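Before any comments, here is the structure.
The values are calculated or read from the model by the stated rules, or taken from the named source; none is laboratory data. These numbers come from a predicted model, not from an experiment. Here the Cβ positions follow ideal geometry from the backbone for every residue, glycine too, while neighbour counts run over all protein chains shown. For the accessible areas, the whole protein counts, side chains as well, though only heavy atoms, and no ligand, DNA or RNA atoms are used. Shrake-Rupley method; radii C 1.70, N 1.55, O 1.52, S 1.80 Å.
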Amino acid sequence: MRRHQVRDALVLRRHPLPSGDVVATLLSPDGKWRAVARKGRLPGGNLARLSLFHDVTVQFWRRRDDDLALITQVQLNGALSGLARPEAYPYAHLLAELVDVITVEQAPGERGYALLASGLRGLHAHADPEAVALAYVWRLLGVAGMAPEVRSCAACGAAPSHFQVVEGTARCGDCTTSGPEEATLFLGVEAMRELDGLVRGPLGEAVHRPPTDRPRHWRALRSFVRWHVGSLRSLEALPC
Ligand code: ZN
């Protein structure tokens, strides 16, 4: 029987109950889990510490492994106040929802957890949160084993211009097979090179030298996520 435990976590989702209690969906290095914090039972404003996207250390206990954990203490490891900026907030939702959805079947591991934490810190601090989001969404997909292979044409090896969304590959103009528009996107050679950089180039460079035609990249990302992950409310809601 396991009793009191302590674990680091990021708050992915937060669901207030009519009773005033809060059920939080948390991401830790060893997986996603849910816990309840009872109103009035936590000392010193702990419920506020369980706000969305917070990086926390929680103390909790549960009777059995399948019980909802009961949180007894929350320590805030760093308030990312920059996430509340209107230009950053929608992207924090996007990263959190993506991780929430892709970790249903498999734990994200230490790398996925660290990547989400780093992405949220980036959105908090960076003057260009959109650039941070574009890079981190592709990296999080990569951690889940879903990174497309777009460096060269899958058929002949030339510089590609088309993104084969369904296959997660790329083709040059000569080798492109015609298909429904959502399955094959023409991005052009330059945007395909940028996409390859977002997917697997140095992360710092992907953030600091963002793609020139961002709407084009959001279109590509949205098509890919729809096919391989499903429809994400936060992604569909972005204006781009
Ligand atoms: Zn080709």
With closer than 24 Å to L115 by Cα and open to solvent by 40 Å² or more (accessible area, probe 1.4 Å) as the only criterion, which of A9, A35, A84, A24 stands out? A84
Only one of (1) open to solvent by 40 Å² or more (accessible area, probe 1.4 Å); (2) touching a Leu at 6+ places or on another chain (Cβ under 7 Å); (3) at pLDDT below 90 does not apply to R62, and that is (1)
Examine segment 183-200 for a residue that is under 26 Å from A92 (Cβ atoms), more than 16 Å from the ligand (Cβ to nearest atom) and open to solvent by 50 Å² or more (accessible area, probe 1.4 Å), and state whether such a residue exists. yes
Within segment 66-79, can one find any residue that is more than 22 Å from L42 (Cβ to Cβ) and either open to solvent by 60 Å² or more (accessible area, probe 1.4 Å) or touching a His at 6+ places or on another chain (Cβ under 9 Å) (or both)? yes
Failed criterion for R214 (all others in (1) closer than 21 Å to L115 by Cβ; (2) surrounded by fewer than 18 Cβ atoms within 10 Å (Cβ to Cβ); (3) more than 16 Å from the ligand (Cβ to nearest atom) hold): (1)
Run down A127, A114, A154 and say which single residue is open to solvent by 30 Å² or more (accessible area, probe 1.4 Å) and within 16 Å of the ligand (Cβ to nearest atom). A154
Pick from segment 157-182, criterion among the aliphatic types (A, V, I, L, M) and either closer than 30 Å to H124 by Cα or away from the ligand (no atom under 13 Å from the Cβ) (or both), ranking: surrounded by the fewest Cβ atoms within 10 Å (Cβ to Cβ): V166
Turns out the helices (runs of 4 or more DSSP H) fully within segment 29-138 with at least 1 residues that are closer than 20 Å to V199 by Cβ are 89-102, 109-125
Residues that are under 24 Å from S231 (Cα atoms), without any contact (Cβ under 8 Å) to a residue 24 or more places away in the chain and outside the structural domain of L26 (by TED's automatic domain parsing): does segment 121-140 have at least one? no
